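See structure below.
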Amino acid sequence: MDEQVEISTPRDAANNPLVLAFGRLQGAANRLEYLLGRSLEQECGISHLMYEVLLILGRAGEPGLPMRAVAQEQVLTTGGVTRLVDRMEAAGLVERAEDPADRRGRLVRLTAKGAETAVAASRVHVENIRRFFLAPLPPEDRDRFAEDLRILSHAARDLLPRLP
């Protein structure tokens, strides 16, 4: 798959092994996002994006994270993360607090309800990951596949511009 293949027609482009491989990755990610996201919404009342923010804040612990750090982790604009956090705050999942290191800054952190929701949603999510993500793969390939995804994710993350 690594060899240089000449692309001179639309058929060549559509059948290029690298284009096909990336398309399969993207298609699998989109379909899994839909399946797992729909389950989180139906069973836990939160979107997949909200769930991801709960996890980011859970990893961070106290005292919380600045909005720009949440935006950077989710590849959102600061305006987009502000609107998302507004919705999450209205749902009682997060709260804004003063930043002890910067009197002008605000941090976002989990509420008790947000922590409970993160745990409940993670239980649902893990079962769905087992069902839809791991079960189709041969058991002997699962750990290597997960490691390869980590490598790809970190490599892409490191190429993104950092928010000021």
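Brief remarks on what is shown
- Distant alpha-carbon pairs in the range 84-164 (separation over 20 angstrom), percent: 62 percent
- Gyration tensor verdict on the range 62-108 (Cα atoms; rounded if a/c is under 1.5, prolate if a/b is larger than b/c, oblate otherwise): oblate
- Simple label model, 7 Å out from Cα along Cβ direction - residue 137 to residue 29, nm: 1.5 nm
- Entry comment: accessible area of the chain is 69 Å² per residue, from protein heavy atoms only and a probe of 1.4 Å.
- Carbon-plus-sulfur accessible fraction, the chain (probe radius 1.4 Å, protein heavy atoms only): 55%.
- Here's how it looks for residue 105: its modeled amide H is under 5 Å from those of 99, which are all 5 or more places away or on a different chain.
- Solvent-free Debye scattering, log10 I(q)/I(0), computed from the Cα coordinates of the range 18-95 at q = 0.21 Å⁻¹: -0.99
- Computing FRET efficiency as 1/(1 + (r/R0)^6) for residue 119 and residue 155, where r is the C-beta to C-beta distance and R0 is 35 Å, gives about 0.70.
- Qualifying trypsin sites (Lys or Arg not before Pro) in the range 114-164, DSSP loop, other Cβ atoms within 10 Å at most 16: 162
- Area accessible to solvent at residue 39, 1.4 Å probe radius, in Å²: 10 Å²
- Loop GluC sites (Glu not before Pro), the range 1-102, which have at most 10 other Cβ atoms in a 10 Å radius of their Cβ (DSSP): 3, 6
- For the range 36-77, the calculated P(r) over all alpha carbon pairs, in 5 Å bins from 0 to the bin holding the longest distance, is 6, 23, 27, 19, 17, 9, 0 percent.
- Take the Cα of residue 87, step 7 Å toward its Cβ, do the same at residue 21, and the gap between the two points is 3.5 nm.
- Expressed per residue, the C-alpha convex hull volume of the range 22-150 stands at 123 Å³.
- The range 49-66 and the range 81-133 have Cα centres lying 5 Å from one another.
The values are calculated or read from the model by the stated rules, or taken from the named source; none is laboratory data. Because the structure is predicted, anything quoted here is derived from the model rather than measured. Methodologically, a virtual Cβ is constructed for each residue, glycine included, from the backbone with ideal geometry; neighbour enumeration extends over all protein chains shown. Heavy atoms of the whole protein, side chains included, go into the accessibility calculation; ligands, DNA and RNA do not. Shrake-Rupley method; radii C 1.70, N 1.55, O 1.52, S 1.80 Å.
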